[in-house]
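Student: One structure is given below, represented as structure tokens, and several questions about it will come after.
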Amino acid sequence: MSAKPVEIVEIFDVSIEKVWNALTTKAAFDKWYFDIEKFVPEVGFEFEFYGGSYLHHCKIVEVEPTKLLAYTWKYPVYEGNSIVTFILDELTDEIVPQTKLTVIHEGIETFPPDDKNFSRESFEAGWTEIIRISLKNYLEGNSEEDSKVE
């Protein structure tokens, strides 16, 4: 299995603050990500959620408001540990604000290689769905009221 990280890059026609809000608030998560009981964008904060039938345990390891968010991503009943990093870049556009989001998931090769749900293809498909469909629809498809910066 390759040690190359999964990387998804997407450009959103919204401000960097709006993307940051989507990545760091529970109210936003409920609309596009996973059901997370509580989320605080602070180093050391731990959270859990179910994705499919898998419990995910995460711990924030780096935060730079409106620039970067990184957290560990592991499954308590399986070996392996990975890190997911969200990098935001504000793009200059005279008409519409734009934000480039790069998601990098490193360490997926540490998960059980005999489970296809932990394959590179599975992670690529999952992150593509989450970022390019769910997040994009949340950020660009909702009314202004639904996606205000809180």
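The values are calculated or read from the model by the stated rules, or taken from the named source; none is laboratory data. Since the model is a prediction, treat every value here as computed from it, not as a measurement. Glycine also receives a Cβ, built like all others from the backbone with ideal geometry; neighbour counts cover every protein chain displayed. Note: accessible area is taken over every heavy atom of the protein model, side chains too, but ligands, DNA and RNA are not part of it. Shrake-Rupley method; radii C 1.70, N 1.55, O 1.52, S 1.80 Å.
Student: From the backbone phi of region 83-89, what are the Karplus-calculated ³J(HN,Hα) couplings (6.51 cos²θ - 1.76 cosθ + 1.60, θ = phi - 60°) in whole Hz, Gly and Pro given as x?
Tutor: Each residue's phi maps through the Karplus curve to give 10, 10, 10, 10, 10, 10, 10 Hz.
Student: Counting other Cβ atoms within 10 Å, which GluC sites (Glu not before Pro) in region 1-81 have at most 15 and lie in a DSSP loop?
Tutor: GLU37, GLU42, GLU79
Student: So what is the 222 nm mean residue ellipticity for the chain from helices alone, if each DSSP H run of at least 4 adds -39500 (n - 2.57) and you divide by all residues, rounding to the nearest 500 deg cm²/dmol?
Tutor: -4500 deg cm²/dmol
Student: While we're here: Counting only protein heavy atoms and a 1.4 Å probe, tell me what percentage of region 58-106's accessible area is made up of carbon and sulfur.
Tutor: That share works out to 49 percent.
Student: For region 4-50, which trypsin sites (Lys or Arg not before Pro) are in a loop by DSSP, counting at most 16 other Cβ atoms within 10 Å?
Tutor: Values: sites: LYS18, LYS26, LYS31, LYS38; in loops: LYS38.
Here the trypsin sites (Lys or Arg not before Pro) that fit, given the DSSP loop and packing criteria, are LYS38.
Student: Here's a follow-up. Name the long-range amide H neighbours of HIS57: under 5 Å, sequence gap of 5 or more, or other chain; modelled H, no Pro or chain starts.
Tutor: Those qualifying (amide H under 5 Å, at least 5 residues apart or on another chain) are LYS74, TYR75.
Student: Which three extents, in whole angstrom, do the alpha-carbon atoms of the chain cover along their principal axes, largest first?
Tutor: Projected onto the principal axes, the Cα atoms of the chain cover 48, 29, 25 Å.
Student: Right, here's the next one. What is the total of Lys pairs in region 6-140 with C-alpha atoms under 23 Å apart, excluding same-chain pairs fewer than 8 positions apart?
Tutor: So the count works out to 28.
Student: So what J values fall out for region 16-33 if you push phi through Karplus, 6.51 cos²θ - 1.76 cosθ + 1.60 with θ = phi - 60°, rounded to Hz, Gly and Pro as x?
Tutor: 5, 5, 5, 5, 4, 4, 5, 7, 10, 10, 4, 4, 6, 3, 4, 9, 9, 10
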